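S.K.: I have a structure here, written as structure tokens, and I will follow up with some questions on it.
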Amino acid sequence: MWHMNGHSLLDLLSIHPNPANNFLSLDIEAKETSDLEITIVDSKGSMVASYHVLQSKGRNDRKVDLSKLSSGSYLLNLKAGSCDLSAPFIIQK
């Protein structure tokens, strides 16, 4: 389940695999070209990874490196302009 706040500059179409191992694939539809901030938060609420990328208008596929993270429950956060999206996922190693 995805949670969204703000004006929708992008749609998170899918995240997979879930559970994940060393990477997470994001399928994103962007309404316009914008900076995208990707953060990962662990079950304790600590940010454990952060990435900044330029998101092109249209459909975008992104791979997020999870190789340095331990098994557990996480929250993926995406921010583009005033749009915030979040989705839970699991890492199993």
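S.K.: Taking the Cα centre of the chain as origin, sum charge times position over the Cβ atoms of Lys and Arg (+1) and Asp and Glu (-1), and report the length of that vector in debye to the nearest 20. Don't jump to the answer; show the numbers that get you there.
M.R.: Details: 9 positive and 10 negative charges, 46 e Å.
It comes to approximately 220 debye.
S.K.: Would you mind calculating the relative contact order of the chain from Cα pairs under 8 angstrom and at least 6 residues apart, reporting the percent as a whole number? Walk me through the intermediate numbers first.
M.R.: Details: 233 pairs, mean separation 34.1, N = 93.
It comes to 37 percent, rounded to a whole number.
S.K.: Around LEU66, with a cut-off of 14 angstrom between Cβ atoms, what is the net charge of the other residues, counting Lys and Arg +1 and Asp and Glu -1? Present the calculation step by step, with values, prior to reporting the outcome.
M.R.: On the way: positive: ARG62, LYS63, LYS68, LYS93; negative: ASP42, ASP65.
Its environment carries a net charge of +2.
S.K.: Now a separate question. Convert each backbone phi in segment 55-65 into a coupling constant with the Karplus relation 6.51 cos²θ - 1.76 cosθ + 1.60 (shift: θ = phi - 60°), then list the ³J(HN,Hα) values in order as whole Hz, x for Gly and Pro.
M.R.: Each residue's phi maps through the Karplus curve to give 9, 7, 4, x, 7, 10, 10, 10, 10, 10, 6 Hz.
S.K.: Something else now. What does the net charge come to around VAL48 if you take all other residues with beta carbon closer than 14 Å to its beta carbon, with K and R at +1 and D and E at -1?
M.R.: Working: positive: LYS44, LYS68; negative: ASP42, ASP65.
Net charge in that neighbourhood comes out at 0.
S.K.: Using mean Cβ contacts within 10 Å as the protection proxy, how do 60-68, 34-42 order, highest first? If you can, show how the numbers build up before the last one.
M.R.: Details: 60-68: 13.1, 34-42: 17.2.
Put in order of decreasing packing, that is 34-42, 60-68.
S.K.: If you take every residue apart from ASP27 with its C-beta less than 14 Å away from the C-beta of ASP27, what net charge results, scoring Lys and Arg +1 and Asp and Glu -1?
M.R.: Details: positive: ARG59, ARG62, LYS63; negative: ASP11, GLU29, ASP61.
Its environment carries a net charge of 0.
S.K.: Hey, which lysines would be in cross-link range of LYS68, C-alpha to C-alpha under 26 Å, not counting anything within fewer than 8 residues on its own chain?
M.R.: Cross-link targets: LYS44, LYS79, LYS93.
S.K.: Additional query: Please name which of ILE90, ALA80, LEU10 has its Cα lying farthest along the dipole of the chain towards the positive end, using unit charges on Cβ (Lys, Arg +1; Asp, Glu -1) and the Cα centre as origin.
M.R.: The listed residue farthest towards the positive side: ILE90.
No lab work stands behind these numbers, since they all come straight from the coordinates. Owing to the predicted nature of the structure, the values given are computational and were not obtained by experimental measurement. Glycine gets a Cβ as well: all are built from the backbone with ideal geometry, and neighbour counts include every protein chain shown.
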